[in-house]
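Read the figures in this text as sums done on the coordinates, not as results from a lab. In this text, all values refer to a predicted model and were calculated from it rather than measured experimentally. Note that we place each Cβ from the backbone using ideal geometry, even for glycine, and neighbour counts take in every protein chain shown.
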Amino acid sequence: MSETDLRDTLPAKRRAELVRLVRARGQVTVTELSSLFDISVDTVRRDLDHLAERGLLARTHGGAVASGDLVTQDTPFAERLVRQKTAKARIARAVAGLISDGETLLINGGSTTRAVAAELGARRNLTIVTNNLAVPQVLPAEACRDIYVMGGQYRNEAQVTVGEVRFAFAAGINVDTALIGVGGISAERGLSTTSIAEAVMIADMIKTAKRTMVLVDSSKFGHDSFADIGPLSHAHMVVTDELPPPELAAALAESKVDLVVAP
């Protein structure tokens with residue numbers, strides 16, 4: 001169905017197509033549905049609430065996920081670059097302001113961490129360790145002293161390498177800050193991502209760092225991906241674009257996690 005067809009659909013037909021989209025993509029946001037169907041965000045929210053009441057999907061803060069399903073597969077990286085683009089840019093600017101010259105940064109995969117890397121032009125003498133193959137492409141040369149790319153299995157859909165952090169070159173390294181993107185964050189399950197191998201790798205990254213910043217846009221609030229990384233308390237700070245819903249905000253406060261909402 002073309003975008004023109006989507007815009008012309010009657011409510012019942014539109015809702016049926018909306019359910020199909022959610023099931024096909026795993027998760028959607030109110031903003032992208034509003035643009036795709038050319039309807040107001042209030043209409044989208046009413047549609048999502050109507051469908052959630054009937055068990056056809058599950059509502060999240062800022063969107064919806066397929067009912068009863070956990071996301072077990074990465075969205076293609078090119079698509080992730082344009083999703084929540086404005087929110088990710090705000091998060092990236094906020095994180096860049098929290099980094100000091102001379103730090104060693106451990107950066108995992110994801111479009112939000114890539115956006116942070118591109119914003120580091122004002123920093124100097126940084127050492128970067130990353131499994132995110134998109135990061136070296138956008139890092140400002142003047143910001144970096146050294147860049148280390150971690151080996152492992154290459155995952156084309158996410159443009160990352162996956163494997164154990166403890167490679168020979170990484171033995172005994174000291175990392176000031178880990179910049180971690182995740183697939184979901186919730187009060188119940190904490191931090192999660194789409195694959196077990198990636199979850200293990202991220203957990204090891206967190207253990208390596210003195211400080212962990214979790215970078216997550218609001219579409220992932222209350223969302224659980226397939227593989228658990230660890231509890232909320234594994235993060236020192238969460239940087240996001242909106243205030244979390246009350247349950248998640250309370251859980252972050254209880255876990256003594258600093259919350260930064262990007263301006």
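Numerical summary
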read-out	value
Rg/Rg_ref, the stretch 171-225, where Rg_ref = 2.2 N^0.38 Å and atoms are Cα	1.16
R0 of 30 Å, Cβ-Cβ distance residue 101-residue 188: FRET efficiency to nearest 0.05	0.20
Per-residue ³J(HN,Hα) for the stretch 202-216, Karplus 6.51 cos²θ - 1.76 cosθ + 1.60, θ = phi - 60°, Hz, x for Gly and Pro	5, 4, 5, 4, 4, 5, 6, 9, 6, 9, 10, 9, 9, 10, 8
Only Lys, Arg (+1) and Asp, Glu (-1) charged, at Cβ; the stretch 169-263 dipole about Cα centre in debye	300
Residues with amide H under 5 Å from that of residue 26, placed H, sequence gap 5 or more	66
Theoretical gain in end-to-end length, residue 258 to residue 35 [0.36 nm per residue, Cα-Cα removed]	77.0 nm
Lysine pair count for the stretch 77-261 [Cα-Cα under 19 Å; pairs on different chains or 8 or more apart]	4
Span from the the stretch 174-201 Cα centroid across to the the stretch 204-221 one, whole angstrom	6
Mean projection area, nm², convex hull over Cα of the stretch 3-66	3.6
Amide H contacts under 5 Å for residue 225, placed H, 5+ residues apart	184, 192, 193
Cβ-derived FRET efficiency at R0 41 Å, residue 24 paired with residue 173, nearest 0.05	0.50
Lys, Arg +1 and Asp, Glu -1 on Cβ, resulting dipole of the stretch 77-261 about Cα centre, debye, nearest 20	340
